[in-house]
Amino acid sequence: MTSPLLELDNLHTFFYTDTGVARAVDGVSFHVGAGETVGVVGESGCGKSVTALSILRLIRAPGRVEQGSAIRFEGKDLLGLSEREMQRIRGNRIAMVFQEPMTALNPVFTVGDQIAEVARIHANMSKKDAAVKAVEMLRLVGIPAPEQRATEYPHQLSGGMRQRVVIAMALVMNPALVIADEPTTALDVTIQAQILELLADLTKRLGTSILLITHDLGVVAENCSRVIVMYAGEVVEEAATVDLFARAHHPYTEGLLGAMPRVGGTAERLATIPGTVPPPTNWPDGCRFRERCMYAWERCATEHPPLYQIGGGHTSRCHLAVEPERRAHPHTPIAAAIGASAA
Amino acid sequence: MTFLSVRDLVKHFPIKRGVFGKVSGQVRAVDGVSFDVAPGETLALVGESGCGKSTTGRAVLRLIEPTSGKVEFDGNDVLALGASDLRRLRRKMQIVFQDPFSSLNPRMSIGAIVREGLTIHNLAEGSAADARVKQLLEEVGLRPEYSSRYPHEFSGGQRQRVGIARALSVEPTFIVCDEPVSALDVSVQAQVVNLLQDLQRDRGLAYLFIAHDLSVVEHIADRVAVMYLGHIVEMADVDALYTTPIMPYTQALLSAVPAPDPGVKRERILLTGDVPSPANPPSGCVFHPRCQHPARDASCAVIIPPLEEKAPGHWAACIKQPPTTVSWESQKSVGGTNPPDFFLPRAALHRSIDTTSAH
């Protein structure tokens, strides 16, 4: 790959709150290639949504993207652009699909008007052309009777339909990148299957790249070619999807995979990760996963692990990469020893 | 004698219009649901949002007053009980709610929350109650020293543990778990699922486990009932339901679960369209407009399919899936053109995937 479509380099996004500085995103680097679908997974509070908002420069006070961070998109550094230039990129070259379609749509405008608005702003289309474009987009995302639906308000549509409308809005300008933040979390599993199928089909036809943010590893397995696992504001593991599921390296990834019940699975008891994600104002020293980890040893308390290369584009932020023999000696994590409940 | 038996449970919510609240229709949230739960058993109710699974759970406990039907619990006719008898019975039947944020009173310490049930039912007071609260907190994996803290000081998973301790405080034999892990992250979800299983093993609890996540359900349930638009459309042992689902709806539901095995492409039965409104459900079989059964015909839109035992312990509501008590003659008389025929379960593919993967 010569030059990726999107490249994050050492992104830091901090929030300055009364209770301290929340280092929500703390040195995140990754890239998304043209036409690629990349998954970002992690539990709530790991910084995945803040990463997405940082890319679009939608972080508001008390939050701030720190000096030294770089976000390159189509050769431009997004952090150096003026707000005006940024507006030309948002919705035009990079579009966003949010989790909750009801809050992403304006309840007092028809869905047709809302889709048309994108075309009018970014392509200077006439009112009439934009209305035609809106109907065309609704048809593209598989909404039956699009002429009729375009005149309806968001509350008249079901959750799955609303999410299709949001996707239609995102695709009006044929963006190079769509950031989908938990696009199916609020939907039922049958509707989720429809929406993911739709996204996969559209990327194939239009060549759009997708950054798919989710907590559901099943969704990642079926849709992404590459996965980035985030924990406590950092990338802890990155690998090709097949590789990650076959040979998860980081104990956190291992824990996530074990904790996930699977249809057809036979495990009597689910593996758990004891404890919870620490607060972002107070990340632990050394390895941030240490207290919940069943392999942690002295080195983990003192030395913050770098992202080790473990071959074939697979990276892992765990000292096991250099001391693999430690994996043979799992023990009870600190968080479990002091009570899974340590608040 | 059955432990919990629910027969023809119906809950219709009136739709009121205008200033005078004229009733203009009924939302048929639960429309004739019957099932039994045995002591120590977990029956899961699954289905998409709006199918009536939560309403069923609440109607069984009379947290919502059912429109009609019969609920028998431990020899008591639950729907006929007066207020004080019902309160006494509630000791034996408890509920754990989905949202650990809104189901705990933010002005009460978690110790007070867990203790409330003990006081109301006169189970313990004074230092005996304190000791009991500490013991309960320990049992659900919370440190007893936390009893003076308030709900906002805890994470979602910990709050859910408080909700479970509260339900356990009155020593119930039956708990309705209404989506207890849906709001939790996957690692925390596993902790709570394991806790529920441990408690069931130690105390012989019966659960009515309401959920939409089929992978969690397979893990925790003994039997599963699938609901669609206020009806139970299929009910079977968990293994039978997941390996040989009979109803086209169940097959579609199972095939829609994302498989955490990259590279494995599975045949997916995509349902078209959305769930119809329960205020205006389709006639006949409520699933017929979206059904992919090869024998589907005009009679499906007329005949309401009874829930029948298609195989030992495996119940389904489909007049096109043999054997059926709805005769072919009666189907023909209302426009039937295709005689009943087996629709082969395709979602059984899940099993073959898992044996070929790393596990």
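The values are calculated or read from the model by the stated rules, or taken from the named source; none is laboratory data. Note that the structure is predicted; figures quoted are calculated from it, not measured. Neighbour counts run over all protein chains shown; Cβ positions are idealised from the backbone, glycine included.
Some values worked out for this structure:
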quantity	calculated
Criterion (under 23 Å from B:Gly204 (Cα atoms) and in contact with a helix residue (DSSP H, G or I) (Cβ under 9 Å, 6 or more places away or on another chain)) met by exactly one of B:Ile120, B:Ile95	B:Ile95
Matching residues, the stretch B:318-334, being more than 33 Å from the chain's Cα centre (by Cα), loosely packed, with under 13 Cβ neighbours inside 10 Å and not charged (D, E, K, R)	B:Ser333
Hits in the stretch B:127-146 (condition: more than 29 Å from the chain's Cα centre (by Cα) and at pLDDT below 90)	B:Arg143, B:Pro144, B:Glu145, B:Tyr146
Residue that is among the hydrophobic types (A, V, I, L, M, F, W, C), out of contact with any Phe, Trp or Tyr (no Cβ under 6 Å at 6 or more places or on another chain) and surrounded by 14 or more Cβ atoms within 10 Å (Cβ to Cβ), where the choices are A:Ala52, A:Ala104, A:Ala61	A:Ala52
Residues satisfying the stated conditions in the stretch B:170-210, i.e. among the hydroxyl-bearing types (Ser, Thr, Tyr) and either in contact with a Lys or Arg (Cβ under 7 Å, 6 or more places away or on another chain) or modelled with pLDDT of 95 or more (or both)	B:Thr173, B:Tyr207
Residue count for the stretch A:175-206, restricted to those that are more than 23 Å from A:Pro144 (Cβ to Cβ) and either among the hydroxyl-bearing types (Ser, Thr, Tyr) or modelled with pLDDT under 90 (or both)	2
Residues (within 14 Å of another protein chain (Cβ to nearest Cβ) and either within 20 Å of A:Thr208 (Cα to Cα) or free of Cβ contacts under 8 Å to residues at least 12 places away in the same chain (or both)) located in the stretch A:7-40	A:Thr37, A:Val38, A:Gly39
Qualifying residues in the stretch A:210-224 (those that are out of contact with any Pro (no Cβ under 9 Å at 6 or more places or on another chain) and more than 8 Å from every other protein chain (Cβ to nearest Cβ)) - the one farthest from A:Gly255 (Cα to Cα)	A:Ile210
Conditions (1) at pLDDT below 90; (2) in a loop (DSSP other than H, G, I, E, B); (3) of a type outside the set (A, V, I, L, M, F, W, C); number of the one not met by B:Thr355	(2)
Candidates B:Tyr228, B:Tyr242 - the one that is in contact (Cβ under 8 Å) with a residue 12 or more places away in the chain, within 27 Å of B:Arg290 (Cα to Cα) and either within 10 Å of chain A (Cβ to nearest Cβ) or among the charged types (D, E, K, R) (or both)	B:Tyr242
Residues of the stretch A:264-296 satisfying the condition of being aliphatic (A, V, I, L, M) and at pLDDT below 90	A:Ala267, A:Leu270, A:Ala271, A:Ile273, A:Val277
The stretch A:259-306, subset aliphatic (A, V, I, L, M), in a loop (DSSP other than H, G, I, E, B) and within 14 Å of chain B (Cβ to nearest Cβ), residue farthest from B:Asp239 (Cα to Cα)	A:Val277
Residues (charged (D, E, K, R) and either touching a His at 6+ places or on another chain (Cβ under 7 Å) or at pLDDT below 90 (or both)) located in the stretch A:87-117	A:Glu100
Test for B:Pro276: is it within 14 Å of another protein chain (Cβ to nearest Cβ), out of contact with any Asp or Glu (no Cβ under 8 Å at 6 or more places or on another chain) and buried (at least 23 other Cβ atoms within 10 Å of the Cβ)	no
Residue in the stretch B:167-193 that is farthest from the other protein chains (Cβ to nearest Cβ), counting only those that are among the acidic types (Asp, Glu) and part of a loop (DSSP other than H, G, I, E, B)	B:Glu171
